[in-house]
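This report refers to the structure that appears directly beneath it.
What follows is calculated from the coordinates using simple rules that are stated; it is not laboratory data. For clarity, every value in this text was computed on a predicted model and none was experimentally measured. Note that we place each Cβ from the backbone using ideal geometry, even for glycine, and neighbour counts take in every protein chain shown.
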Amino acid sequence: MPELPEVETVRKGLSQLVIGKTISKVEVFWPKIIEQLSPSDFNHRVSNQTIHEIKRRGKFLIFCLDQDVIISHLRMEGKYRYFPEVTKPNKHVHVVFTFSDGSQLHYQDVRKFGRMCAYHKNHVEEYPGIAKLGPEPFNETFDLKTFQQQLKKSSKAIKPLLLDQKIVTGLGNIYVDEALWQAKIHPETPANELKPKEIKELHRAIIEVLDKAIQAGGTTIRSYVNALGDAGNFQVELNAYGQEGMPCPRCGSPIQKIKVAQRGTHFCPKCQKKRGK
DNA sequence: AATACTACCTGCGTGC
DNA sequence: TGCACGCAGGTAGTAT
């Protein structure tokens, strides 16, 4: 489920539920989820620490404890579920945090791609996954001029370039298609061939698309239940992603689906013309 | 250094 | 019904 808006929604939801709680133990059923430490070392390291805050950087969640942080990435399908009482984990639960009041947080992940890691709280920025991230899209550091300069340096297709989190963080396969649709840019356009006007549109589109999605509480493709237990409440309107064959909301041409850098890619062949060349 | 491809996993839908 | 195959919202590791 997670691109930046979904992770932000999870962050807010979890904050309501677990801030102030003290971890009494952690059980790990799929050791690879935990980076660097063995399940038992991870348990010993974070047990008896209290969760004071949950932050987000890009698509990473950062649980701030007394001395340490737990950096958590949901990757494709990771989910947290909170239970007020000790609850039997289902078969897709790989990590269970039990708190001193008997409540629990279950980390569930069908594909087991998600990762978590204990880190000293003063070294978060050095965590490799976080160290390489570009600016947050809503931060002033994501300014048009820098964006323009970054794009000029790469001949890569714009879509995979935006997916790799270095120029701006937070876009995934859904919102990158949406942003490119909004800016009327073909996903395979080499970044350094974009015109200043297109770059300006794209910059604006990225911020708008992500902001709108956060306001809506994220997008749900398949039905899912978030940490608070509400089934996917709002739904952002998707103009391109998953709309193959549907009329483009702008011009009515059928949305096409192609593959770009091994990812399913949706676009309007009429509004998002491929550059001749 | 930059780019491209693959691995990591499970489950679901499709077509034979 | 069964099986093979392709596909899924992401990143890290390896090869070129």
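Computed quantities for the displayed model
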read-out	value
From the options A:Lys91, A:Lys112, residue that is without any contact (Cβ under 8 Å) to a residue 12 or more places away in the chain and within 16 Å of DNA strand B (Cβ to nearest atom)	A:Lys91
Within region A:162-212, tally of residues that are in contact with a Gly (Cβ under 8 Å, 6 or more places away or on another chain), without any contact (Cβ under 8 Å) to a residue 40 or more places away in the chain and either farther than 21 Å from A:Glu3 by Cα or buried (at least 20 other Cβ atoms within 10 Å of the Cβ) (or both)	2
Filtered residue count, region A:108-124, keeping only those that are of a type in the set (S, T, N, Q) and in a strand (DSSP E or B)	1
Selection from region A:51-65 of residues that are without any contact (Cβ under 8 Å) to a residue 40 or more places away in the chain and surrounded by fewer than 15 Cβ atoms within 10 Å (Cβ to Cβ)	A:His52, A:Glu53
Pairs, first more than 15 Å from A:His73 (Cα to Cα) in region A:27-39, second hydrophobic (A, V, I, L, M, F, W, C), C-beta under 6 Å, six or more apart	A:Glu27/A:Val96; A:Val28/A:Ile34; A:Val28/A:Val95; A:Pro39/A:Val28
Region A:125-169, residues that are in a loop (DSSP other than H, G, I, E, B), away from DNA strand C (no atom under 11 Å from the Cβ) and either in contact with a Phe, Trp or Tyr (Cβ under 8 Å, 6 or more places away or on another chain) or within 11 Å of A:Pro190 (Cα to Cα) (or both)	A:Gly134, A:Pro135, A:Glu136, A:Lys153, A:Ser154, A:Ser155, A:Lys156, A:Ile167, A:Val168
Residues satisfying the stated conditions in region A:123-142, i.e. within 16 Å of DNA strand B (Cβ to nearest atom) and surrounded by 17 or more Cβ atoms within 10 Å (Cβ to Cβ)	A:Leu133, A:Gly134
Residue list for region A:1-23, restricted to those being more than 28 Å from A:Ile206 (Cα to Cα) and either surrounded by 16 or more Cβ atoms within 10 Å (Cβ to Cβ) or within 15 Å of the chain's Cα centre (by Cα) (or both)	A:Leu17, A:Val18, A:Lys21, A:Ile23
Single residue of A:Lys55, A:Lys79, A:Lys91 found to be in contact with an Asp or Glu (Cβ under 9 Å, 6 or more places away or on another chain) and basic (Lys, Arg)	A:Lys79
